[in-house]
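Take a look at the structure below.
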Amino acid sequence: MTYTLLKFAHVSGAILIGGGLIAVWFCDLRSRQLRELTRFSEAVRNIAVFYDGVVVPGAILLLISGSWLIVEFFAGWDFIKVPWLVGMMALFAFEFIEGNTITRLYFMRLRRLTDEAMKSGTFTPQLERARAENLATFTHFLDLPLLFLIVALGVIKPETWTLFIAGLVAAVLIASILTIYIKSLYPWSNEDRQR
């Protein structure tokens, strides 16, 4: 019974993270299309709501249930002998750290800069520069492909590292393409818009 409940909690956490990241992705994409400050501010606020209200609780649920599953059913540190499980843990740890540092801090700063811009009534140069940052954009676009890879490892359970390596290369490639393509599709700074 414990295994079933933990697995249910784990799958629920994955669903929450997936749904939240998709919502954050769409809100972010929408914010990049907007040139009206009030609507942009609403999109940025929605990013925070989905991130804090859905993604973070899902990550915490995954962390607790996954750790418990490993300790209880994979003999603790013996999980290190299982490639798919090590891959899932490594990717989750990376996503947890990156998501709560680069991506989260970026969106918090974007929200603060948006609030300041709302007081002045126009997009500020600081906000335009923040919107044009490549590292935060790349890591944000990397979230969903890495989540798909984590799920693929958990479902397929490969005995080798091939899926992990191929999936990681594909995730970085997808995030790179999205970072370049979305920036060209929706220029973020005044300089980019004038080209």
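The values are calculated or read from the model by the stated rules, or taken from the named source; none is laboratory data. Everything quoted here is computed from the prediction, not taken from an experiment. Every residue, glycine as well, gets a Cβ built from its backbone with ideal geometry; the counts of neighbours run over all protein chains shown. Heads up: the accessible areas ignore ligands, DNA and RNA and are worked out on the full protein's heavy atoms, side chains in. Shrake-Rupley method; radii C 1.70, N 1.55, O 1.52, S 1.80 Å.
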Practice prompt. Could you order T4, T101, T137 by accessible surface area, starting with the largest, using a probe radius of 1.4 Å?
Written response: T4, T101, T137
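For Y106, Y181, Y186, what's the largest-to-smallest order of accessible area, 1.4 Å probe?
Details: Y106 10, Y181 125, Y186 55 Å².
The ranking, largest first, comes out as Y181, Y186, Y106.
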Worksheet item: Rounded to the nearest 0.05, what FRET efficiency do Q33 and L105 have when you use their Cβ-Cβ distance and R0 = 25 Å?
Response: 0.60
Practice prompt. Counting other Cβ atoms within 10 Å, keep those with at most 11, restrict to DSSP loop, and tell me which GluC sites (Glu not before Pro) in the stretch 1-74 are left.
Written response: E36
Discussion item. Please identify the DSSP H helices in the chain that span no less than 27 Å along the helix axis (Cα) and have a mean Kyte-Doolittle hydropathy of -1.0 or more.
Written reply: 2-33, 134-156, 162-185
Discussion item. With +1 assigned to the C-beta of every Lys and Arg and -1 to the C-beta of every Asp and Glu, and no other charges, what is the dipole magnitude of the stretch 1-154 about the Cα centre in debye, to the nearest 20?
Written reply: 380 debye
Discussion item. Connecting C-alpha atoms closer than 10 Å in a GNM of the chain, tell me which of I17, I47, I182 has the biggest fluctuation.
Written reply: I182
Worksheet, complete the sentence: Summing -39500 (n - 2.57) over every DSSP H run of at least 4 in the chain, dividing by its residue total and rounding to the nearest 500, the 222 nm mean residue ellipticity is -27000 deg cm²/dmol
Response to the item:
Which of G167, G87, G76 fluctuates most in a GNM of the chain (C-alpha springs under 10 Å)? That residue is G76
Fill in: Most mobile listed residue (A171, A93, A43) in the chain, GNM with C-alpha springs under 10 Å
A93
Discussion item. Let me cross-check M108: its accessible surface, 1.4 Å probe, with only protein heavy atoms counted, in Å² to the nearest 10?
Written reply: 110 Å²
Fill in: Those GluC sites (Glu not before Pro) in the stretch 107-173 that DSSP places in a loop and that have at most 12 other beta carbons within 10 Å
E159
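Give me the net charge for the shell around R30: Cβ to Cβ below 10 angstrom, other residues only, Lys and Arg +1, Asp and Glu -1.
Net of charged neighbours comes to 0.
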Practice prompt. Enumerate the lysines that K7 could reach by cross-link, defined here as Cα to Cα under 25 Å, with residues fewer than 8 away along the same chain left out.
Written response: K81, K157
